[in-house]
Amino acid sequence: MPEQGPLTVAVIGTGIVGLCAALEIQRAGHHVLLIEPGEPGGRQAASYGNATWINPGAIMPISLPGLWRKVPGFLFDRTGPFTVRWRDLPQLAGWLAQFVAAGRDWERIALCARQRYPLCRDTVSSHRTYAAEAGASHLIRQEGLIYVYPDRSAFTAESRIWSMRREFGIRFSEIEESELRRLQPALSPAYSFGARLDDAGQIADPGAYCAALARLLEARGAERFATRAIGFVIEGSRLNAVATDRGALACDCAVIAAGIGSDALARLAGDRVPLIAERGYHVIIPEPGVELGAGLMPSDGQMGVVSTPQGLRIAGQVELADPTAPPDWRRADILLGYARKMFPELVERFDAARVDRWMGNRPSTPDGLPCIGLASASSDIVHAFGHAHTGLTQAPATARLVAALIDGQEPPFDPAPYSARRFAR
């Protein structure tokens with residue numbers, strides 16, 4: 001890092017991670033340049049279309065013991081919550097092997113959960129602070145998140161996951177059928193048991209929230225450049241500028257928070273990261289006839305079901321594919337199918353609605369951890385990407401860690417597990 005004093009810091013990417021990092025860097029007294037070709041919070045960003053959850057309990061990676069047995073099924077079942085496009089399998093095979101290996105035993109899962117926990121634990125209070133400063137407090141809700149199961153035995157089958165959450169002090173409540181019916185009267189009787197993460201919440205409209213944070217940053221002096229970062233100007237190991245498709249932008253430090261586009265920039269900064277597009281879909285049903293308090297996740301569909309200002313959002317699915325491949329809108333239709341299953345009395349209303357369909361590229365590493373830390377080619381460049389499903393949840397803690405690294409301050413928690421250099425070992 002350069003000698004301390006007010007620095008000019010280029011933040012590449014205005015998704016939720018980049019925006020939160022920019023706020024913390026700005027709070028430390030530095031000048032921020034925001035580099036993003038699209039509008040902050042626009043439909044091009046993964047932050048726009050997520051399930052809206054801010055979840056202290058999001059400590060579990062996706063890859064769990066026994067997953068390897070299911071991989072062949074992922075290739076053949078086009079209706080499941082996880083699928084791989086055949087034509088992209090050769091380029092994804094190495095990532096998939098690392099992904100399965102990362103979840104091969106519960107000792108590894110416990111370690112990953114410990115490393116994810118600092119990124120998740122204070123997410124709701126942190127977002128409340130940002131939202132209040134941005135005049136967007138109305139977008140923060142905290143009514144919990146409810147995982148719904150066919151019966152208690154299906155919940156018991158996941159007891160190891162819930163026990164691990166309990167070990168970290170993550171509060172949850174078991175909900176019997178009568179209480180579930182009271183809380184969610186429109187929910188199908190196919191679901192008779194629930195487990196509520198009591199301290200979790202949602203950001204009702206992530207796109208509007210990102211736009212509000214961007215406005216706050218600019219009101220406090222940040223400059224926004226509608227351009228694409230394509231590289232770095234480094235002399236020796238010192239960063240002089242970020243190269244863009246409209247010329248170089250002089251800066252002292254840079255943060256790579258460009259989502260799925262971060263891997264190319266990371267290579268130019270000296271690190272090779274196995275980052276792929278874990279493509280997610282959502283549908284929004286306007287005027288659905290049901291208003292949810294707590295968000296829902298059905299155990300059989302593994303997607304977020306939430307009320308938003310635009311309507312009922314069903315967000316999820318994992319499709320491993322080239323990020324430039326056209327969307328497979330059958331994935332969105334699968335989400336609609338689950339909406340019909342969950343709320344059978346509203347099927348006709350859903351079918352008559354003008355449904356909004358969206359697809360975005362979540363940037364995912366194989367080991368369930370993001371890349372946060374100093375780049376190998378220059379300590380003036382900081383990585384902040386690869387959060388997969390949990391960017392909204394993990395953005396504030398990531399931002400505090402990034403700001404500490406730029407300032408040369410004591411990190412709020414150990415940054416070692418998130419270093420991009422772990423993939424070079």
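The values are calculated or read from the model by the stated rules, or taken from the named source; none is laboratory data. Keep in mind that this is a model prediction, so the values were computed, not measured. Cβ coordinates were reconstructed from backbone atoms using ideal geometry, including for glycine residues, and neighbour counts include every protein chain displayed.
To keep it simple, each residue is scored yes or no on (1) assigned to a helix (DSSP H, G or I); (2) touching a residue at least 24 places away in the same chain (Cβ under 8 Å); (3) touching a Pro at 6+ places or on another chain (Cβ under 7 Å).
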residue	(1), (2), (3)
Leu96	yes, yes, no
Arg104	no, yes, yes
Gln115	yes, yes, yes
Ala132	yes, no, no
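Restricting the range 229-247 to residues that are at pLDDT 95 or above and of a type in the set (S, T, N, Q), the residue that is surrounded by the most Cβ atoms within 10 Å (Cβ to Cβ) is Thr244.
Within the range 157-176, the residues that satisfy the criterion of being outside any loop (DSSP other than H, G, I, E, B) and free of Cβ contacts under 8 Å to residues at least 24 places away in the same chain are Ser159, Ser163, Arg166, Glu167, Glu174. Return the total of residues in the range 292-324 being out of contact with any helix residue (DSSP H, G or I) (no Cβ under 9 Å at 6 or more places or on another chain), outside any strand (DSSP E or B) and under 21 Å from Phe172 (Cβ atoms). Of the residues in that region, 2 qualify. Residues of the range 244-273 that are in contact with a strand residue (DSSP E or B) (Cβ under 7 Å, 6 or more places away or on another chain) and under 13 Å from Leu33 (Cβ atoms): Thr244, Ala248, Leu249, Ala250, Cys251, Asp252, Cys253, Ala254, Val255, Ala257.
No other residue among Ala226, Ala264, Ala219, Ala250 is touching a residue at least 60 places away in the same chain (Cβ under 8 Å) and either surrounded by 18 or more Cβ atoms within 10 Å (Cβ to Cβ) or under 20 Å from Gly15 (Cβ atoms) (or both) apart from Ala226. Screening the range 379-421 for residues that are among the hydroxyl-bearing types (Ser, Thr, Tyr) and in contact with a Pro (Cβ under 8 Å, 6 or more places away or on another chain) and picking the one that is farthest from Leu19 (Cα to Cα) gives Tyr418. Looking only at the range 371-393, filter to residues that are in contact with a Cys (Cβ under 6 Å, 6 or more places away or on another chain) and of a type outside the set (Gly, Ala, Ser); which one of those is nearest to Pro274 (Cα to Cα)? Taking the candidates together, the pick is Phe385. Taking the numbered list (1) farther than 26 Å from Tyr281 by Cα; (2) over 19 Å from the mean Cα position of the chain (by Cα); (3) buried (at least 20 other Cβ atoms within 10 Å of the Cβ) in turn, Ala339 passes all entries but (1).
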